[in-house]
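The structure under discussion appears below in the form of structure tokens.
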Amino acid sequence: MADHHGKSNGRGSNGRNGRSRYAHIIGWGMALPSRVMTNDEIAQMVDTSDAWIRERTGIRERRIAGAKDSTATLALRAAKCALEVANVSPADLNLIIVATATPEYLFPATACLVQDWLGAENAGAFDLSAGCTGFVYALSLAAQTIISGAADTVLVIGSETLSRIVDWQDRGTCILFGDGAGAVVLRASNMPGGVLTTLLRSDGSGGELLALPGGGSRYPPSPTTVLNGMHKIHMNGREVFRFATRVMAQATRSVVEDAGLTLEDIALVIPHQANIRIIEAAARSLGMPMEKMYVNIERYGNTSSASIPIALCEAIESGRIKADDYIVLVAFGAGLTWGAATIKWVPTPPPASPLEQRAHAVRYWWAALRSAWRRFWRRLESRLKGPATASEK
Ligand code: ACO
């Protein structure tokens, strides 16, 4: 474990400046609902066609959460995979961040549910809301927390069940979104590499371009908000498209320059999977061939803050990322927000052996038991003791 504190360059980035504490991705995992929804199925609900959706978005199909799936259960599945690859015990986690636009509840945080289910008894946990840029924001925060010395091991998850907030009668939005989750484990190391630079930006003046207006303090849930469809995604697709094509290339250039690199040094860009035309426009603007852009939108659609960690997992597992490669993650989303990160990929420890995997399974079982016991004890205590006394308050 490293024992020195890192430096930031003061622009929301780190890197370039000498330091001896780094944040490496040592584990990754993803979870997808089994239900596949094709474009043809959507064409039975709204006036659209498979050909239109493929041509205008690049999407062929997406995954849809089943009755037993939720943002928290998908997050948990992805987290367990990532911990397994990292061969890290939940008890070693100092922090859990869940980036999501579709949290399990307004509160408690989805991250707290995951913390309880994992039995991550030494971790703080919170949700982060930055639309589809959420994962990049969370990764940046996790890396800075590690580099500063405030944490050694952090779990970052992007998880979404967008199908639950999509207006299935709006052909401008329902064709785009899908459900899923991806997670990474970051750990402190004194080996140079890992998350080198990050950039986080926001322009709230464009907030209404992509919003879920109902259910917050401005428009609390009421029969009127429900009747007016205010609990569903509202989007100005053309404006979001214009904004996205502008910021994706800008953000990529910026983090690459901050890392002291050039675009030629970048082996792979993992862009937020929102629309193939946005990814193509970014590649054109950067003068990069499409082979350097990771694309899986045809299979999953836009899974918001889960899209980058899912793509990252696939890229690693298919051998698209090799030791010492420089990669860029870049996203945009509701807020409006956008952000990017440059990562130097370093060899990771071998994943858990079958025996260690079994030990992890026992730990999860124990965590469930402990959680049930705590709930039971809390109820019993409140019955036995009655209302809290003044001294307890
Ligand atoms: N099927 C058939 N026709 C359609 C459909 C559809 N599903 N949707 C729109 N059309 C029609 C429109 O009505 C319009 O018809 P008109 O010319 O007669 O008026 C025509 O197609 C063109 O409409 P546009 O809106 O200009 O279509 P565009 O090429 O911009 O594609 C799309 C629309 C796919 C929504 C695109 O604008 C887009 O991808 N925008 C970005 C959205 C995005 O990335 N959002 C996620 C942000 S991340 C987050 O935080 C959640």
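The values are calculated or read from the model by the stated rules, or taken from the named source; none is laboratory data. On a predicted model such as this, the values are computed, not experimentally measured, just so you know. We place every Cβ from the backbone using ideal geometry, glycine too, and count neighbours over all the protein chains shown. We work out accessible area using only protein heavy atoms, side chains counted, and drop any ligands, DNA or RNA first. Shrake-Rupley method; radii C 1.70, N 1.55, O 1.52, S 1.80 Å.
Overview of results
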{"quantity": "Flag if Val166 is within 16 Å of the ligand (Cβ to nearest atom) and either open to solvent by 10 Å² or more (accessible area, probe 1.4 Å) or touching a residue at least 60 places away in the same chain (Cβ under 8 Å) (or both)", "calculated": "yes"}
{"quantity": "Boolean, Ala311 is touching a residue at least 24 places away in the same chain (Cβ under 8 Å), under 25 Å from Gly193 (Cα atoms) and open to solvent by 20 Å² or more (accessible area, probe 1.4 Å)", "calculated": "no"}
{"quantity": "The range 284-308 - residue that is within 20 Å of Val36 (Cβ to Cβ) and aliphatic (A, V, I, L, M) and, of those, surrounded by the most Cβ atoms within 10 Å (Cβ to Cβ)", "calculated": "Ala306"}
{"quantity": "Residues (more than 16 Å from the ligand (Cβ to nearest atom) and either within 21 Å of His24 (Cβ to Cβ) or in contact with a His (Cβ under 7 Å, 6 or more places away or on another chain) (or both)) located in the range 101-138", "calculated": "Leu118, Ala120, Asn122, Ala123, Gly124"}
{"quantity": "Test result for Arg320, in a helix (DSSP H, G or I) and not polar (S, T, N, Q)", "calculated": "no"}
{"quantity": "Out of Arg320, Arg277, sole residue that is open to solvent by 10 Å² or more (accessible area, probe 1.4 Å), among the basic types (Lys, Arg), touching a Phe, Trp or Tyr at 6+ places or on another chain (Cβ under 8 Å) and within 16 Å of the ligand (Cβ to nearest atom)", "calculated": "Arg277"}
{"quantity": "Selection count where residues are more than 8 Å from the ligand (Cβ to nearest atom), open to solvent by less than 30 Å² (accessible area, probe 1.4 Å) and under 20 Å from Phe241 (Cβ atoms), scope the range 332-342", "calculated": "3"}
{"quantity": "The range 94-121 - residue that is crowded, with 20+ Cβ neighbours inside 10 Å and among the polar types (S, T, N, Q) and, of those, farthest from Phe177 (Cα to Cα)", "calculated": "Gln115"}
{"quantity": "Candidate set from the range 32-58 (those that are assigned to a loop (DSSP other than H, G, I, E, B) and closer than 14 Å to Gln169 by Cβ); member that is nearest to the ligand (Cβ to nearest atom)", "calculated": "Thr48"}
{"quantity": "Residue that is over 23 Å from Ile59 (Cβ atoms) and free of Cβ contacts under 8 Å to residues at least 12 places away in the same chain, where the choices are Phe107, Phe126", "calculated": "Phe107"}
{"quantity": "Selection within the range 341-362 - part of a loop (DSSP other than H, G, I, E, B) and aliphatic (A, V, I, L, M)", "calculated": "Val346, Ala352"}
{"quantity": "Residue, nearest to the ligand (Cβ to nearest atom), within the range 188-228, restricted to residues that are more than 21 Å from Ser129 (Cβ to Cβ), open to solvent by 20 Å² or more (accessible area, probe 1.4 Å) and not in a helix (DSSP H, G or I)", "calculated": "Asn228"}
{"quantity": "Candidate set: the range 59-73, residues that are in a helix (DSSP H, G or I) and hydroxyl-bearing (Ser, Thr, Tyr); chosen: the one most open to solvent (accessible area, probe 1.4 Å)", "calculated": "Thr73"}
{"quantity": "Among residues of the range 229-250, those that are assigned to a helix (DSSP H, G or I) and either within 11 Å of the ligand (Cβ to nearest atom) or of a type in the set (Phe, Trp, Tyr) (or both), counted", "calculated": "10"}
